[in-house]
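The values are calculated or read from the model by the stated rules, or taken from the named source; none is laboratory data. Please read these numbers as outputs of a predicted model, since none were measured by experiment. All Cβ positions, even for glycine, are placed from backbone atoms using ideal geometry, and neighbour counts span all protein chains on display.
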Amino acid sequence: MSVHFDLQSTSSLESNLEGLAGVLEADLPNYKNKILRILCSVARQLPEKLTIYTTLVGLLNARNYNFGGEFVEAMIRQLKETLKSNMFSEAVYLVRFLGDLVNCHVIAAPSMVAMFENFVCVIQEDDIPQVRSDWYVYAVLSSLPWVGKELYEKKDVEMDRLLSQIDGYLKRRQKTHVPMLQVWTAEKPHPQEEYLDCLWAQIQKLKKDRWQERHILRPYIAFDSVLCEALQHNLPPFTPPPHSESAVYPMPRVIFRMFDYTDAPEGPVMPGSHSVERFVIEENLHCIMKSHWKERKTCAAQLLSYPGKSKIPLNYHIVEVIFGELFQLPLPPHIDVMYTALLIELCKLQPGSLPQVLAQATEMMYMRLDTMNTTCIDRFVTWFSHHLSNFQFRWSWDDWVDCLAVDHDKPKPKFVKEVLEKCMRLSYHQRIVDIVPANFSPLIPADPIFTFKYGEENAQLPGYPMSITVSNAIKNRASNEEILAVLKDVPNPNQEDDDDEGDGFNPLKIEVFLQTLLNLAAKSFSHSFSALAKFHEVLKSLSDSDEGKLHVLRVVYEVWRNHPQMISVLVDKMIRTQIVDCAAVANWIFSQDMTHDFTRFYVWEILHSTIRKMNKHVQKIQRELEEAKEKLEKQQHRKKDSGDEEDMEKNSDEEDGQLEEQIDRLQEKVESAQSEQKNLFLVVFQRFIMMLTEHLAHCETAGTDFNTAWYKNCIERLQQIFLMHHGTIQQYMGTLEDLLFTAELDHHILAVYRQFCGLQA
Amino acid sequence: MSAQLNALHSDSYIDVSQYRDQHFKGNRYEQEKLLKQSSTLYVGNLSFYTTEEQVYELFAKSGDVKRIIIGLDKVKKTACGFCFVEYYTRVDAENAMRFLNGTRLDDRIIRTDWDAGFKEGRQYGRGKSGGQVRDEYRQDYDPARGGYGKLTQLQRAPEGRHKF
């Protein structure tokens, strides 16, 4: 059975649907299960085409009542499965589909209301996370744009009661998470609303408008005479599956708003933020991206061919929805670079209009940097620089000359600096000098050259002669042992004269060797990586202690401080080859030496990359342990099944023994890795708390305002740790609360912790 | 409708291309198997001046880069416009194919393709003059790739002088 109907063009949509319904009806005797499966998949995975397929089901039901009944049953089964498998967005699409089936006379309105009543009952459950009841409320409210009118016409008393219960719930629920999820902290020009509050306002307005909704495409209206003859089915009573520990409900969101009708001056008017049209358009655009994110050309084409686009300023909606996803906290739904690629495709398809909207959006976001969340600024920087690199870095930098008039640690000049730094990484220093006006030169990044301590002009330094010796040794292909022997003669400025061996931490030894080595290898990343690999033994020996590791990092920073990208890749290599460990990197970032660069983007890229490496390491060993356990289980099953020969038993006992030993070892490895991971988070949080507490205390005694640019940056960086690694951090909540985030903490710092707890509460 | 559903699961940007390395040691089946599991990408149409650092910066956007090997002219041992990018995981390489292939690096549209895996020797161009084969025969003038193609250069300056 092959189906080749194009269900895109609405002019022949009705005839397509009629034809398709005919074909499927004829195929039902032979292909019923296949058709059921396909229709269920469509309901779950093509939400942007919801009403087209509900109409199709409606037509089929009108022709074949039993099929309609079986389809409804299959949908309910699917709904139960998705709820049990934590597939909550797909579950919402199924609920919405069922709702729209009421409009198609497949499902009787009272039974839909009854299902919604059962959903809303979840509000009354005891001891459940708020995110559970949130989801059930959301599932009801987000279906109402499609089916509210019909349900209200048939059961207005029940619906009023439902809505009143939801109203009460929304008033009492906790919203501590909101500040952590807002892209902008300011309420103007557009309030950044909690998603349920926004949806509630939209439904309230819809109700006030007597449920008149004109945006959704409703093909079933054309078939009303056929459909109203059909017999309807009652939904079986549906009890929401009970809460379980393994349930992972969707996290709350804040609705991203950057445009309103004043921003799109010509052409169709943008629906207001509390109009249900706005909700439906945004939902559909999000669904299109969810369906097609892997294929950027298709995705762009689908977005731009949105049905009903002539009545809305589509480009503005698309740009707003894309940035909404890119800036979503904690994390965007898809990988960041997808949005860059998608916007480029959109610019290609609409070269006369989309680039202008994008430029307008960029300008607006620049203007509002002062109140933008630091994590979002990072993403803005990354997106903008990558975007520019695809368009020869052409930009009207002069428009931003205001950023030169304020301190360079303020958000606007800081943003420009970070953008230029990233642009340089994608090109080269002179290019950046060429693309900006001359007055922007204070914001241009440093030329990324190596800074060598032991150059000829510094021959008087104590380490200079040794540096020459080491350099010659390396050029003469000395081995690790030979280098270590040479280095034994380096005096230790930290040590007493009669304290001997010279094996302890010796900062001068580290400095002389590492400066010299990195100088010789400064030409490229590959050269430096080769150098680290070649002298791995020496480096491991030098970095043997915690102080050694810290000093290694310090030296790397000293020599490459004009080339943050090189620092990043070297730190990455050194962690992977175990010259330094993750905790050392964290301690280094929070150390006095790094105060000057503490608010620079590259520092946080390094820290987050370090935490990610730690997380991946733990996951890898956990997977190995799981695989070994599974293998053992399989082996034991086989033994049980076969179980005769004594010889065979002895062999398999041995195998079991080996596996058990391996499992024990892996178990130890997992525990040790988890301990290292917990320690890393403790170090990071502890250092944040120390820094922030000191700042707050200092400002209190000095009587100055604590809310400086530095403070905003620092506290949002703390938030960022929670947001970017929330999954991993959840397992250590107990320790964090006992040891660090106690009631004695300054309430500004504790608030961040409480907001985080609100995310899965 | 089926077609629409299939379209949903479509992921054509990560499909294996028609190109097969003629010097691959093994049969077609083995090569295809490696290509389907690979975390290494070939990157082409680079400028001769594109640096390892620039490649890193771009390709790090889809995941942690394990290694970059810049393609070299076999004779001159200088960059000749291609490289290999190796990721730690295939997922990261797939995202590079989806979102970096066909976009610009150093102002040029680059092309990425699956590679069966780097082996020593594969970093050298296989054109007769030492660079890539494509630079032997092309007739356009590309200042970032040595000017005219090698054959065209010889035609334009029969004494054998190189032109830029």
- Task: Looking only at segment A:56-81, count how many residues are over 17 Å from A:Leu231 (Cβ atoms) and within 14 Å of chain B (Cβ to nearest Cβ).
- Result: 1
- When you look at A:Ala584, is it part of a helix (DSSP H, G or I) and within 14 Å of chain B (Cβ to nearest Cβ), yes or no? no
- Criterion violated by A:Cys403 - all others in (1) within 32 Å of the chain's Cα centre (by Cα); (2) under 22 Å from A:His563 (Cα atoms) satisfied: (2)
- Based on what the data block shows, is A:Asp378 in contact with a Lys or Arg (Cβ under 8 Å, 6 or more places away or on another chain), touching a residue at least 12 places away in the same chain (Cβ under 8 Å) and under 20 Å from A:Thr708 (Cβ atoms)? no
- Query: What are the residues in segment A:10-20 that are within 11 Å of another protein chain (Cβ to nearest Cβ) and in contact (Cβ under 8 Å) with a residue 12 or more places away in the chain, if any?
  - Reply: A:Leu17, A:Leu20
- Please work out which residue is farthest from A:Arg218 (Cα to Cα), limiting yourself to segment A:286-315 and to residues that are away from every other protein chain (no Cβ under 14 Å) and assigned to a helix (DSSP H, G or I). A:Asn315
- Task: For segment B:97-125, enumerate the residues that are within 13 Å of chain A (Cβ to nearest Cβ) and within 10 Å of B:Ser39 (Cβ to Cβ).
- Result: none
- Does segment A:365-383 contain any residue that is in a helix (DSSP H, G or I), within 14 Å of chain B (Cβ to nearest Cβ) and farther than 30 Å from A:Glu187 by Cβ? no
- Task: Can you tell me which residue among B:Tyr29, B:Tyr19 is over 30 Å from A:Arg612 (Cα atoms), of a type in the set (Phe, Trp, Tyr), more than 14 Å from chain A (Cβ to nearest Cβ) and under 16 Å from the mean Cα position of the chain (by Cα)?
- Result: B:Tyr19
- Query: Based on what the data block shows, is A:Gly758 buried (at least 16 other Cβ atoms within 10 Å of the Cβ) and at pLDDT below 95?
  - Reply: yes
- Go through segment A:394-496 and tell me which helices (runs of 4 or more DSSP H), entirely inside it, have 1 or more residues that are within 14 Å of chain B (Cβ to nearest Cβ). A:411-426, A:429-435
- Message: I'd like to know if segment B:57-68 contains one or more residues that are more than 30 Å from A:Phe380 (Cβ to Cβ), within 14 Å of chain A (Cβ to nearest Cβ) and surrounded by 14 or more Cβ atoms within 10 Å (Cβ to Cβ).
- Response: yes
- Message: Looking at the structure I just gave you, is B:Ser39 more than 10 Å from chain A (Cβ to nearest Cβ) and surrounded by 20 or more Cβ atoms within 10 Å (Cβ to Cβ)?
- Response: yes
- Message: Among the residues in segment A:33-54, are any part of a helix (DSSP H, G or I), in contact with a helix residue (DSSP H, G or I) (Cβ under 8 Å, 6 or more places away or on another chain), more than 30 Å from A:Cys299 (Cβ to Cβ) and away from chain B (no Cβ under 13 Å)?
- Response: no
- Item | Selection from segment A:518-556 of residues that are among the basic types (Lys, Arg) and more than 11 Å from A:Pro507 (Cα to Cα) | A:Lys523, A:Lys534, A:Lys540
- How many residues does segment B:74-90 hold that are under 18 Å from B:Tyr148 (Cα atoms) and assigned to a strand (DSSP E or B)? 4
- Message: Considering only segment A:612-619, I want to know if a residue exists there that is aliphatic (A, V, I, L, M), at pLDDT 90 or above and out of contact with any Pro (no Cβ under 9 Å at 6 or more places or on another chain).
- Response: yes
- Note on the structure: Among the residues of segment A:328-358, the number that are of a type in the set (Gly, Ala, Ser) and within 14 Å of chain B (Cβ to nearest Cβ) is 1
- Task: Could you please find all residues in segment A:266-285 being of a type in the set (Asp, Glu) and surrounded by fewer than 18 Cβ atoms within 10 Å (Cβ to Cβ)?
- Result: A:Glu266
